[in-house]
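Report on the following structure.
The values are calculated or read from the model by the stated rules, or taken from the named source; none is laboratory data. Just so we're clear, the structure is a prediction, and the values are computed from it rather than from any experiment. Note that we place each Cβ from the backbone using ideal geometry, even for glycine, and neighbour counts take in every protein chain shown.
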Amino acid sequence: MSNIVNDLVEGYIRNTLQDKSGLLRDLEVYAEENNVPIVHKEVSDLLKVLLKVQKPKRILEVGCAIGYSSILFASTLGEDVEIITVERNEKMIEKAKENIKLAGFEKNITILEGDAEELLNGVSGEFDMIFLDAAKGQYQLFYDMVIDKLKIDGLLISDNILYKGMVAHDDFVIRRKKTIVKRMRNYLDYICKCDYLDTSLIPIGDGVALSYKKEERGDINA
Ligand SMILES: C[S@@+](CC[C@H](N)C(=O)[O-])C[C@H]1O[C@@H](n2cnc3c(N)ncnc32)[C@H](O)[C@@H]1O
């Protein structure tokens, strides 16, 4: 139960969406069996549609895990895309490298190994799309490090923003998650009120925020 969408509705959507095939399907099974958190099925389909509409050439991802979402991006966009993805867990990095090689996207996907907090400032160039999918309590910090690297007309996607419903209502909050929930609420308030972004909060999967960058951040929001 996700606490986000009615179970019957969620079940219907998941059963109706087409299953992935090949390596992506294998990675979904691996993730399920090994408790690796990857994007939910309905979110991966939303991402595919967004990718096809926006056609990004450069993507920055924070949180690679076993490489599922990076491979999804590359397989949707083809040979021209460049993806830089950050991961700090050594076992995940090892598995992601294996999977990226298997998928044939070694030229397209670069893993930056280490903590995003230390690495993001050093990432150079501009991006058409940025995907935040790492430690939920650090989104504001990641945001501050990446937003100036997002092009105007670019898309910032933040995953797991409703965190099992806890962000939406105190009744769902587990005591030890209080700080993360408070930080996520502050982050969502921030991106929704930013005058240089248009943001939409979508209650699918574990919650997704889509933020379109209209202009550079000015002094008011800096
Ligand atoms: C939800 S998983 C990413 C899933 C992946 N995007 C996908 O859908 O296939 C989050 C990952 O972020 C990594 N992570 C969390 N905080 C991080 C940080 N501060 N720096 C680098 N990696 C981080 C975790 O080790 C974990 O593998």
Does segment 46-61 contain any residue that is over 19 Å from Ile204 (Cα atoms) and near the ligand (Cβ under 10 Å from one of its atoms)?
yes
Please list, ordered by residue number, the helices (runs of 4 or more DSSP H) wholly in segment 63-135 having 1 or more residues that are out of contact with any helix residue (DSSP H, G or I) (no Cβ under 8 Å at 6 or more places or on another chain), more than 7 Å from the ligand (Cβ to nearest atom) and touching a residue at least 12 places away in the same chain (Cβ under 8 Å).
90-103, 116-119
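Does any residue of segment 138-148 turn out to be part of a strand (DSSP E or B), without any contact (Cβ under 8 Å) to a residue 60 or more places away in the chain, closer than 20 Å to Val43 by Cα and within 16 Å of the ligand (Cβ to nearest atom)? Before you say what the answer is, go through the steps one by one.
Here is the first cut: in segment 138-148, the ones part of a strand (DSSP E or B) are none.
The answer is no; no qualifying residue exists.
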Could you please find all residues in segment 1-39 being at pLDDT 90 or above, part of a loop (DSSP other than H, G, I, E, B) and not charged (D, E, K, R)?
Leu17, Gln18, Ser21, Asn34, Asn35, Val36, Pro37, Ile38, Val39
